[in-house]
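Trainee: Please read through the structure below; I'll follow up with questions.
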Amino acid sequence: MFVWMVDLEEDIRSLQLDSAEDINGVVNPEDEKPDVDKMDEDPKQEVQAQSVEAEPKAKVKEILSVQDEEDEQMKKRHLNVVFIGHVDAGKSTTGGQILFLSGQVDDRTIQKYEKEAKDKSRESWYMAYIMDTNEEERVKGKTVEVGRAHFETDTTRFTILDAPGHKSYVPNMISGASQADIGVLVISARKGEFETGYERGGQTREHVQLAKTLGVTKLLVVVNKMDDPTVNWSKERYDEIESKMIPFLKQSGYNVKKDVSFLPISGLMGLNIKTRLDKSLCSWWDGPCLFESLDSIEVPMGDPKSPFRMPIIDKFKDMGTVVMGKVESGTIRDGDSLLIMPNKDHVKVVAIYIDENRVTLAGPGENLRVRLSGVEEEDILSGFVLSSAANPISTVTEFVAQLQILELLDNAIFTAGYKAVLHVHSVVEECEIVELLQQIDPKTRKPIKKKVLFVKNGAIVLCRVQVNNVICVEKFSDFPQLGRFTLRTEGKTVAVGKITAL
């Protein structure tokens with residue numbers, strides 16, 4: 001027995017030394033002085049390895065299991081999925097059903113929610129309670145904040161962002177979609193509900209346009225409530241919705257053949273979500289179920305070797321300052337020295353968490369909580385960006401952008417002096433159009449020679465935009481996620497654009 005333990009310790013020690021070398025052997029291109037940092041780290045690693053004998057066995061096991069978990073995590077790709085669509089299309093219910101079917105919620109919790117929903121005489125809402133956790137959302141049956149939850153399929157880890165569909169909550173939907181890789185557009189097939197969501201002023205239209213500008217390149221259009229008595233899995237209704245949506249998706253800039261797929265489901269009954277539809281229920285559908293569709297979507301990831309960028313969505317105090325956000329490019333490691341822009345605060349990475357798990361490094365696409373030293377929580381605002389010190393993000397108060405005007409408010413014209421609210425990654429700032437530079441012909445995409453003083457709906461125009469405070473942005477060509485934005489006035493999206501020059 002004793003001999004075996006010694007062998008085991010030997011193995012663990014060599015494993016640890018290997019992993020220490022692995023971690024330190026990677027040279028981070030952003031660190032200008034990697035040698036100095038590594039000299040700091042190396043002795044610690046060696047000392048740690050030598051003192052393993054003195055440490056209790058449990059600690060050793062823990063180190064190993066953390067290492068294994070990380071490897072396991074890194075193998076699976078990670079994608080953010082945002083559920084968008086009109087209020088009451090069934091986004092939260094579908095999200096809740098996904099979590100239930102992938103084993104993230106147990107039966108007891110579901111029974112509790114069922115009882116709660118019954119008490120509020122809202123029996124069909126119990127699945128949505130999984131996603132809608134605050135009281136206001138449950139009473140009204142509307143999602144206000146962006147809910148977050150995780151589930152896994154065989155090849156991918158997903159984070160669900162359940163975005164609110166109600167008109168007055170669109171800014172929250174923007175913060176959800178700006179972190180998403182895939183959009184699931186939930187449409188209600190129930191008589192009358194699809195029509196209200198789709199008509200002018202319905203959220204289906206606005207959400208699709210927003211999703212496109214916010215960089216959600218792949219869209220899964222899920223026709224929900226197919227089990228409703230008014231629909232009863234009717235192929236005619238499904239085809240009607242598909243034929244009405246396709247022209248609109250094209251107009252919003254989606255390549256329908258490559259980037260969009262349609263499928264029928266029932267969120268409440270959990271049909272065609274994890275397993276394919278039963279032929280006895282719906283004879284005409286022989287396509288994939290929702291999980292298969294999500295798994296098969298190819299999404300280009302950010303570059304792990306480019307300079308580090310993580311827009312901060314939220315911050316709080318917890319044994320230091322913790323910031324939350326999604327890595328848009330580059331890689332972050334324990335112990336890295338980074339900058340918080342635009343204030344140029346020097347910070348050191350103390351710990352990195354993905355969901356609840358602590359990790360030593362993380363790359364593009366991951367949603368992180370990062371504990372930092374060297375900065376106070378009150379000195380950080382959402383919209384600040386955690387970025388590489390060697391190559392920090394640009395900070396500006398003015399930039400040149402190419403804008404597409406979607407729908408101006410009644411009788412407004414778009415001209416120099418126009419004021420709106422700018423949404424770019426997690427920044428929300430008031431801005432003013434200072435000058436229209438040139439109009440672009442939508443058909444030829446070439447500039448029109450005539451001097452432009454004002455433009456109307458549907459126009460594409462190059463203009464200079466000014467903001468009141470310094471913001472962190474990049475050119476769209478360098479970092480798409482940090483260079484695309486929307487302009488909103490009085491709760492409506494009036495234009496979408498990309499930054500062409502700083």
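The values are calculated or read from the model by the stated rules, or taken from the named source; none is laboratory data. Here the structure is a predicted model, which means the values were calculated and not measured. Neighbour counts run over all protein chains shown; Cβ positions are idealised from the backbone, glycine included. For accessibility, only protein heavy atoms count, side chains too; no ligands or nucleic acids. Shrake-Rupley method; radii C 1.70, N 1.55, O 1.52, S 1.80 Å.
Trainee: Assess whether V434 counts as being part of a strand (DSSP E or B), touching a helix residue (DSSP H, G or I) at 6+ places or on another chain (Cβ under 9 Å) and open to solvent by 40 Å² or more (accessible area, probe 1.4 Å).
Mentor: For V434, the condition - part of a strand (DSSP E or B), touching a helix residue (DSSP H, G or I) at 6+ places or on another chain (Cβ under 9 Å) and open to solvent by 40 Å² or more (accessible area, probe 1.4 Å) - is not met.
Trainee: Continuing with the same structure: Restricting attention to the range 409-424, which residues are touching a Phe, Trp or Tyr at 6+ places or on another chain (Cβ under 9 Å) and assigned to a strand (DSSP E or B)?
Mentor: F414, T415, L422, H423, V424
Trainee: Also: Name the residues in the range 347-375 that are in contact with a Lys or Arg (Cβ under 8 Å, 6 or more places away or on another chain) and assigned to a loop (DSSP other than H, G, I, E, B), would you?
Mentor: Within the range 347-375, T360, G365, E366, G374 qualify.
Trainee: Name the one entry in S394, S382 that is touching a strand residue (DSSP E or B) at 6+ places or on another chain (Cβ under 9 Å) and either of a type in the set (D, E) or open to solvent by 50 Å² or more (accessible area, probe 1.4 Å) (or both).
Mentor: S382
Trainee: Let me ask something additional. Just the residues that are at pLDDT below 85 and more than 20 Å from the chain's Cα centre (by Cα), please, taken from the range 460-487.
Mentor: None - no residue of the range 460-487 is at pLDDT below 85 and more than 20 Å from the chain's Cα centre (by Cα), so the list stays empty.
Trainee: Among (1) in a strand (DSSP E or B); (2) crowded, with 21+ Cβ neighbours inside 10 Å, there is one condition V428 misses while meeting the rest; what is its number?
Mentor: Against the list (1) in a strand (DSSP E or B); (2) crowded, with 21+ Cβ neighbours inside 10 Å, V428 comes up short only on (2).
Residues checked against (1) open to solvent by less than 80 Å² (accessible area, probe 1.4 Å); (2) assigned to a loop (DSSP other than H, G, I, E, B):
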site	(1), (2)
I246	yes, no
L249	yes, no
G253	yes, yes
K258	no, no
M269	no, yes
K274	no, yes
L281	yes, yes
S293	yes, no
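Trainee: Shifting gears a bit: Check K244, K258, K279 and return the single one that is charged (D, E, K, R), closer than 30 Å to P442 by Cβ and without any contact (Cβ under 8 Å) to a residue 40 or more places away in the chain.
Mentor: K258
Trainee: Can you report the number of residues in the range 458-484 which are in contact with a helix residue (DSSP H, G or I) (Cβ under 7 Å, 6 or more places away or on another chain), surrounded by 22 or more Cβ atoms within 10 Å (Cβ to Cβ) and assigned to a loop (DSSP other than H, G, I, E, B)?
Mentor: Number of matching residues: 2.
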